[in-house]
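The values are calculated or read from the model by the stated rules, or taken from the named source; none is laboratory data. The shown structure was predicted, so the numbers you read here are calculated from the model rather than taken from an experiment. Counting neighbours? That spans all protein chains shown, and the Cβs are built from the backbone with ideal geometry, glycine included. Only protein heavy atoms, including side chains, enter the accessible area calculation; ligands, DNA and RNA are left aside. Shrake-Rupley method; radii C 1.70, N 1.55, O 1.52, S 1.80 Å.
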Amino acid sequence: MKFNTLSVVGLGYIGLPTAAVFASRKMKVIGVDVSEKAVNTINRGEIHIVEPDLDLVVHAAVTEGYLHATLKPEPADAFIMAVPTPFKENYEADLSYIEKASKAIAPVLKKGNLVILESTSPVGATESMAKWLQEARPDLTFPQTHGDKSDIRIAHCPERVLPGHVLRELVENDRVIGGMSAACSEAAIALYKTVVKGECVVTNARTAEMAKLTENSFRDVNIAFANELSVICDKLDINVWELIALANRHPRVNILQPGAGVGGHCIAVDPWFIVASAPEQARLIRTAREVNDDKPEWVLEKVREKLDEWHKANPNLGRADARVAILGVAFKPDIDDLRESPALGIAEKISDMGCKTVLVEPNIDELPEKLAKANVSLVEIERALKADVVCILVKHTPFIKMKDELASHESVLDAVGLLA
Ligand code: SAJ
């Protein structure tokens, strides 16, 4: 099976690197996005997201003519959907982006096409996508009714790349291939094998959907265990990082690290898709989400305690005189991504406490609007060290390099074990 053209629908953190990697193998790639700004940026050979080396790959792919972006879908041999799947207020997945993308590509579909859903999705989403496509194109046959003989092949092949390492992981990671029929899986493998060095492992679409949710839930539950331990150890006056390092010396124990909470758009979201599908059964997964979501509030409580200590030592000064420094607002170390960041939420609440607040975030040049409006300023770490209370919320490498200076500060709230 040969694919000459590929269309990638959704040119965000997953879609754009995917499009660029296929284009770098000299496949003609059509990128589709609803954002005119994203489309124009890419067509200039530039990028609108941050990911190491992606700018170089996109620039080469566009200037060599293998990648172009468009607002309107065009015919292709294969389509990869990489659109967002956020959750709604009741934690159910919002499939409206998949539905809109399906309706957008349906008019250009033709016999022999392969459509792959890569977006992280609740169980059953691929079947829904197939249904939307079938409703829009009754002249074509689909795997849900025609199995291996269908005109259109459909599969779910979840993305599993780690932000910051996307270009390497897109090629090296194993892929789960969940075809709606054996022929669908075969077609999907043929496509991925043009770029993927990892193994392509075949299953059905529902299991592939659940596999992705399971991977992120596994990590969420393990982090929740670490976060719960940190709260217990604080109560029992034990250093949790030392404790975890000791326990991890056991050959079958591998506990992750406590932190300020779990952020990003994957691990803090995907477990809810399992909970929403099986609310009565998913007890541990739900509790883990709640434990991780509660962690920022616990960190804030510790900041209040530090401020009370400061107040006792400076009874003549008021809250507005207290200087608080926040180290890190990204959702994890060494990235600039602030989406769903627990540290960002904590920083906003600290600034609401009425103290003089400064913030150090080496990966951004400008503060988010809410903090800027609250008169928080972005400063260098040297200035932050002069604050009365220093809160370390993200373990960025530049902060690790300042470990000695931080350790000698008299009031540090270390949420991430940088000083441990
Ligand atoms: N975190 C901790 N303690 C840890 C590890 C992480 O508190 O020991 C926190 C981080 O600070 C961050 C959050 O968890 O706030 C999530 O970070 P992460 O590095 O665990 O994961 P993501 O969201 O960047 O990427 C995950 C990855 N999934 C797994 O590792 C199972 C990635 O492979 C997925 O492709 C990605 O989700 C996704 O797109 O679903």
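Structure summary
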| read-out | value |
| --- | --- |
| Conditions (1) part of a helix (DSSP H, G or I); (2) more than 22 Å from the chain's Cα centre (by Cα); (3) closer than 28 Å to M27 by Cβ: number failed by I232 | (3) |
| Count - residues of the range 80-110 that are over 22 Å from the mean Cα position of the chain (by Cα) and of a type in the set (S, T, N, Q) | 1 |
| Pair list, Cβ under 7 Å, 6 or more apart: the range 351-374 residue under 17 Å from V50 (Cβ atoms), other residue open to solvent by 50 Å² or more (accessible area, probe 1.4 Å) and of a type outside the set (D, E) | E361/L378; P362/P398; L367/L378 |
| Among (1) among the aliphatic types (A, V, I, L, M); (2) assigned by TED's automatic domain parsing to the domain that holds I267; (3) over 28 Å from I335 (Cα atoms), the one test that V231 misses | (3) |
| All positions within the range 177-199 that are touching a residue at least 12 places away in the same chain (Cβ under 8 Å) and either of a type in the set (K, R) or open to solvent by 20 Å² or more (accessible area, probe 1.4 Å) (or both) | M180, A182, E186, I189, A190, T194, K197, E199 |
| Number of the exception - P52 against (1) at pLDDT below 95; (2) away from the ligand (no atom under 16 Å from the Cβ) | (2) |
| Some residue of the range 251-259 being more than 16 Å from the ligand (Cβ to nearest atom) and aliphatic (A, V, I, L, M) | no |
| Extreme residue, surrounded by the fewest Cβ atoms within 10 Å (Cβ to Cβ), among residues of the range 203-227 that are more than 13 Å from the ligand (Cβ to nearest atom) and either more than 30 Å from S24 (Cβ to Cβ) or assigned by TED's automatic domain parsing to the domain that holds D270 (or both) | T207 |
| One residue from V62, V29, V50, V57 being of a type in the set (A, V, I, L, M), within 20 Å of I105 (Cβ to Cβ) and in contact (Cβ under 8 Å) with a residue 12 or more places away in the chain | V29 |
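Okay, residues lined up against (1) open to solvent by less than 20 Å² (accessible area, probe 1.4 Å); (2) under 16 Å from the mean Cα position of the chain (by Cα); (3) free of Cβ contacts under 8 Å to residues at least 40 places away in the same chain; (4) within 21 Å of G124 (Cβ to Cβ):
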position: G259; (1), (2), (3), (4): yes, no, no, no
position: C266; (1), (2), (3), (4): no, yes, no, yes
position: V269; (1), (2), (3), (4): yes, yes, no, yes
position: A276; (1), (2), (3), (4): no, no, no, yes
position: L284; (1), (2), (3), (4): no, no, no, no
position: A288; (1), (2), (3), (4): yes, no, no, no
position: V291; (1), (2), (3), (4): no, no, no, no
position: W298; (1), (2), (3), (4): no, no, no, no
